[in-house]
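First comes the structure, then the notes that go with it.
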Amino acid sequence: MLGSIGIKPPPEVPMAANSRLRKLYESTVRIRAVENAQNHLWHEGLIPGEIHTGIGEEGIIAGVLEHLTVDDAIACDHRPTGVFTASGVDPTSLLLEMLGHADGLCGGRGGHMHFLSESDRLISDGIVGSAGPAACGFALSAKTLRPGTIAVAFFGEGAMNQGMLMESLNLAKVWNLPVLFVCKDNGWSITTHSGDLLAGDPATRAKAFGLRTDRVNGSDPTKVSATAKRLIDRVRSKHQPALLHARCRRPDGHFLGDPMIRVFDDPVGQTKEIGGPLPGSVRRGSGSRTAQIGALSGLGIRLGSLGMQRIGANRWDPLLRLRAKVGTEAAIEIERRVSAEIRTNVSDALRIAEVSA
Amino acid sequence: MNSQMGYAQAIERAIDSAMTADPRVLTFGEDVRLLRRNLLVGHGADRVMDAPISESAFLGAAVTAAMSGLRPIVEIMLVDFIAVAFDGILNHAAKNTAFSGGTWDVPLVVRASCGGGYADGGQHEQVLWGLLGGIPGIDVVVPSTPADAAGLMTSAIASKRPVVFLEHKLLSDYWLDYLGGNSRPTVEFDVPVEGANGPVDDPIQPVPIGSAVVRRRGSEVTLISLGVGVHRCSEAAESLAGQGVEATVVDLRSVSPLDTETVIRESANTSRVVVVDEDYLRGGLSGEIAALLAEADVPVSFSRVAVEHTIPYARHLEHDALPNVERILAAVHELR
């Protein structure tokens, strides 16, 4: 308004900035709390199937979703808990879905990899790369039925080697589809180091298709938010796709119980417990932890890279980074409040499902 | 009131009517602005869109477009090409309603040409309806006449479920001209006249998905088929009648859902069944019908005429590979 009459708007007042920071922090904390609850239920054996956690991605999810409206659509990958939580889907219904209960979000028919919510226009999917075409379809209908709205695709850098995702970058460009592609680059293609598998890099590939691209440190939620805003504003106003490349870490491995993580954390103990080809090759490692980890180097780059990631895990934790900006007092208030909320969600879910953890 | 028209024209008529009635209906695929020029002229470029040769992307996009308010008719030029977009159909179109607990519809039509008999080789002449029809969550229809083509397309567009609509290239003159060079007077294809042209009601009468029709009734043997096979069966039945053997011809029209009631009834009536299927012999529709009859305790002598190997290119080899009248007659005579 001020701009339209030639007066430069004043810089954002700290109060508003603080309030935005706190909201962003609250979003990351809520995601982490639901992820933790989900992981707990998995470890307790109450969630029977695979769980791919989104711990480490909270800053990317919260930073992007901060700029979406209720009419925008989102296609998630196989780590959808964070997006569904941050979109406002009732965590109790998510937990019940993962428990396989009839009152779950999808009546227990979808499970953790297939959360679907028609009223929120949110889907998730267990096929790597399929979020690309899915977001294109949402964006196609948005153009005619919901002008001004956009679609977002969340996927990893491993998906950048999937044909359908590459095809959808092209399709979005030639059909002028308002899609924001968000590549959450955690460095791993399932349990193989992506550096060994990905020629070039995600952002350069997208640029070659004519997409506006930006790179950001995904463990810094405020930077993600600022970069995502620029891209989303453009996608929304120009009806043109863009790609955000955000690096992050994956402290829990590909899925819960990832044998690599278990072996890394407890080389001798775990190799006695788990099956597969891993145990025999590391069982010789004994004595000090250093020696045990040293023995793992026989497995090649995988565990070495994993070790590097695990050692620097805290530096890459989006919550710790944002917490420092929010301030301890405000952070504690948010953490207590959100934890209490999610604890209630968990106890509600367990009560409805008639199980205990 | 009805008028005479070609099979492809009948499909176009159905789509045109649907696009006129409902602005959410649109069509996209490779070359559609050329192939569906009439629709382009009538409904504009936003609703008739050329797609890149990226079946994975645009079929996948069609699924979520359908889930978010549009009624897409996505064209996979030849059903053989579904192989590169199979994820969209198998893991998304067919699954999302079930995953959502039955609440989120996928009103999608996947339109593809299918079938052989014009020397295009084994990567361009498959039908794959057995493969597709075995997937829970999608319907598969295969019309054999212009009236059914229009009626089934009308029902497919109106359906809340994903429907694969397969049009046989020998019946569809658009495709035969486009792919087979049918305009050459020097080449002849064995086009079944009654399938390629016929009366279509105005307005179009929708054909319910999952309903078979009896094309001819006889008491001694039941020939069950679909697509061009129906016409081969009718020709065989004519020949059998000359030999004093009266045959029933069942046109399945839908592979999924299968009209089990008609199949069981018409099989029980004669106790002698030949399934004539242009799809592969193993793991498909013909075996499914055998299982259906066995499960329903229908005692029949049973035989099938289907495609047993990769369809060869050479005309005479292609003729032998596809269900033909000679093979059908031989199968009937070999029945107990």
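Readers should treat all values here as calculations from the given coordinates under stated rules, not as data from a laboratory. Please read all numbers here as calculations on a predicted model, not as lab measurements. Using ideal geometry, Cβ is built from the backbone for each residue, glycine included, and neighbour counts are taken over all protein chains shown.
Of the residues B:Ala296, B:Ala57, B:Ala321, the one that moves most in a GNM of chain B with alpha-carbon contacts below 10 Å is B:Ala296.
Helices in chain B, meaning DSSP H runs of at least 4 residues, each add -39500 (n - 2.57). Divided by all residues, the mean residue ellipticity at 222 nm is -10500 deg cm²/dmol.
The amide H of A:Arg212, built 1.01 Å from its N in the peptide plane, has A:Leu243 as neighbours under 5 Å, considering only residues 5 or more places off or on other chains.
What is the angle, in °, between the Cα long axis of helix B:55-67 and the longest principal axis of the Cα atoms in chain B? Nearest 10 is fine, range 0 to 90. Approximately 80 degrees, to the nearest 10. Residues in segment A:152-157 carry Karplus couplings, in order, of 10, 10, 9, 7, x, 5 Hz; the curve used is 6.51 cos²θ - 1.76 cosθ + 1.60 with θ = phi - 60°, and Gly or Pro positions show x.
Between B:Arg215 and B:Val249, B:Val250, B:Asp251, the built amide H atoms are under 5 Å apart, and every one of these is 5 or more places off in sequence or on another chain. Only Cα pairs under 8 Å and 6+ residues apart enter the sum, and on that basis the relative contact order of segment B:2-201 stands at 27 percent. Summing charges over all other residues whose Cβ lies under 11 Å from the Cβ of B:Val25, with Lys and Arg as +1 and Asp and Glu as -1, gives +1. For A:Lys223, the lysines whose Cα comes closer than 22 Å to its Cα, not counting residues fewer than 8 places off in the same chain, are A:Lys23, A:Lys184, A:Lys207, A:Lys325. Mind telling me which of B:Gly151, B:Gly227, B:Gly60 comes out most flexible in a GNM of chain B, alpha-carbon contacts under 10 Å? The residue with the greatest mean-square fluctuation here is B:Gly60. For segment B:213-334, the relative contact order comes to 27 percent (Cα pairs under 8 Å, sequence separation of at least 6). As a length-normalised measure over Cα pairs under 8 Å and 6 or more apart, the relative contact order of chain B settles at 17 percent. Given their separation in residues at 0.36 nm each and the Cα-Cα distance between them, A:Asp265 and A:Val174 gain 28.0 nm when the chain is fully extended. Considering chain B as a Gaussian network with a 10 Å cut-off on Cα pairs, which listed residue, B:Val191, B:Val250, B:Val276, attains the greatest mean-square fluctuation? The residue that fluctuates most here is B:Val191. Karplus-derived 3J(HN,Hα) values for segment B:145-158, using 6.51 cos²θ - 1.76 cosθ + 1.60 with θ = phi - 60°, are 9, x, 5, 5, 4, 5, x, 6, 5, 4, 5, 5, 5, 6 Hz; glycine and proline are entered as x. Counting only alpha carbon atoms, the long axis of helix B:325-334 and the longest principal axis of chain B meet at about 40°. For B:Met77, the residues whose amide H sits under 5 Å from its own are B:Glu30, ignoring neighbours fewer than 5 places away on the same chain, with H placed 1.01 Å from N.
Phi angles across segment A:218-227 convert, under the Karplus curve 6.51 cos²θ - 1.76 cosθ + 1.60 with θ = phi - 60°, into 3J(HN,Hα) values of x, 8, 10, x, 5, 5, 4, 4, 5, 5 Hz, Gly and Pro given as x.
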